[in-house]
Amino acid sequence: MEMNSQRLTLRERPTGWWFIGIIATALTLFIAYAEKSLAIALIGIAIGLLSFLLPSVLTITADKSTGLLTLTYRSPWRQSVKEIPLDEILAVIVERLESSDEEGRRYTYRVAIVLRNGERVPLHSYYDSNRGRHEETARRLRDFLGVGDEGAIVDSAAAQMSISQQGVTEGVRWEMQTTQSNSTIIVPIIRWQSDDFVLEEGFLYLAQKKTGQQTSIGGLLGRLNKPLFKKSLNVYGFDELDAPGMDDAEVLAPLPPRLEPYFMAFTTDPTRARQILNPWTVNPLAEWAERHPIGKSPGGPSQLVILFGPNGVSVAAMGPIPPDLPDELIVLGVELVRAQGGGGEH
């Protein structure tokens, strides 16, 4: 580490990969010697070379004089540089990935830079088990840059939760407000709602998915989808009054071809749900998903959900709230209500 009042330099070497390469090479060469096999020996040498040549050494430079955080990745094969303006950095955090195997739960970690627009820039594409090293790197960057950790994200999310308005658009009465997710990680949610169209019984819930993700309705996977939908409803703040009969609801699939690549559906009445999913409902939803695909809209919403129920039509988006998002939700919500014949004169 090198540091003065204006500049901090940290270097991260892929020692884990090098160690694995050394062990794998030694083991392979031992087997080659025992088997008297030149081919296995060559494989061992190749493993050793690749383990040293492919991983990159990362140099992290935070420079207050230039106002940039520079990430430089160097290996014998390539060099790449990524620059981030310091005034765009909101927080430096340690991300945790949970996995399970026969021995129980396992956690791996990596450092990520969180930008003010909600985008996360991980220092590495991979996670590893060295939590202590990642915590130390994150702490040094936070101390030098004067930014926070996960708490700063919570504060930023709370600052965005100030939208509260109502109006009438094309004869559709609506209200809109921001809230926060019912989850361990606080994320802003903006929710548009109109009671100009209601379902007298039951509900239809649509949740955006990654483009092309398959939806299972039968077998074990189909049964697992049901609690996931119920959890999603809860995260967005919907309860039994908004979606009555949750325990009796089922996954609706397949959806209309235009909608199937982008959304999953959960409903108490499949016949009524398919009536709701007419072309005037399907097309604006598909167009939204094409503009805001999950995981590919930095600084924009991370997911869209729609609920048709006894309290009306609700359209909610989770994630960063850019300035144009409220207007987009108003337009979409009005289209969905009018697609069911709700609102004023058409």
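Test residue 287 against the stated conditions and say whether it is more than 21 Å from residue 178 (Cα to Cα), part of a helix (DSSP H, G or I) and modelled with pLDDT of 90 or more. Explain how you work it out, then say what you get.
On the way: more than 21 Å from residue 178 (Cα to Cα): yes; part of a helix (DSSP H, G or I): yes; modelled with pLDDT of 90 or more: yes.
Criteria met by residue 287.
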Exercise. Considering every residue within segment 232-242, establish whether at least one is among the hydrophobic types (A, V, I, L, M, F, W, C), under 26 Å from residue 175 (Cα atoms), exposed (fewer than 14 other Cβ atoms within 10 Å of the Cβ) and modelled with pLDDT of 90 or more.
Key: yes
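Condition check ((1) in the same structural domain as residue 125 (by TED's automatic domain parsing); (2) farther than 17 Å from residue 142 by Cα; (3) among the hydroxyl-bearing types (Ser, Thr, Tyr)) across all residues:
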{"residue": "8", "(1), (2), (3)": "yes, no, no"}
{"residue": "23", "(1), (2), (3)": "yes, yes, no"}
{"residue": "49", "(1), (2), (3)": "yes, yes, no"}
{"residue": "63", "(1), (2), (3)": "yes, no, no"}
{"residue": "67", "(1), (2), (3)": "yes, no, no"}
{"residue": "70", "(1), (2), (3)": "yes, no, yes"}
{"residue": "75", "(1), (2), (3)": "yes, yes, yes"}
{"residue": "78", "(1), (2), (3)": "yes, yes, no"}
{"residue": "93", "(1), (2), (3)": "yes, no, no"}
Quiz item: Which ones in segment 122-148 are within 18 Å of the chain's Cα centre (by Cα) and modelled with pLDDT under 90?
Solution: 124, 125, 126, 127
Quiz item: Only one residue in 333, 299, 309 is small (Gly, Ala, Ser), at pLDDT below 90 and out of contact with any helix residue (DSSP H, G or I) (no Cβ under 7 Å at 6 or more places or on another chain), so which one is that?
Solution: 299
Quiz item: If you check every pair at least six apart or on different chains, which have Cβ atoms under 8 Å apart with a residue in segment 117-136 that is farther than 10 Å from residue 94 by Cβ first and a residue that is part of a helix (DSSP H, G or I) second?
Solution: 117/88; 123/137; 128/16; 130/16
Self-check item: Selection status of residue 322, within 22 Å of residue 179 (Cβ to Cβ), under 19 Å from the mean Cα position of the chain (by Cα), part of a loop (DSSP other than H, G, I, E, B) and in the same structural domain as residue 190 (by TED's automatic domain parsing)
Solution: yes
Quiz item: In segment 230-258, which residues are free of Cβ contacts under 8 Å to residues at least 40 places away in the same chain and under 23 Å from the mean Cα position of the chain (by Cα)?
Solution: 230, 231, 251
Quiz prompt | Checklist (1) over 22 Å from residue 211 (Cα atoms); (2) surrounded by fewer than 23 Cβ atoms within 10 Å (Cβ to Cβ); (3) in contact (Cβ under 8 Å) with a residue 60 or more places away in the chain applied to residue 303, failing item | solution = (1)
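The values are calculated or read from the model by the stated rules, or taken from the named source; none is laboratory data. For clarity, every value in this text was computed on a predicted model and none was experimentally measured. Counting neighbours? That spans all protein chains shown, and the Cβs are built from the backbone with ideal geometry, glycine included.
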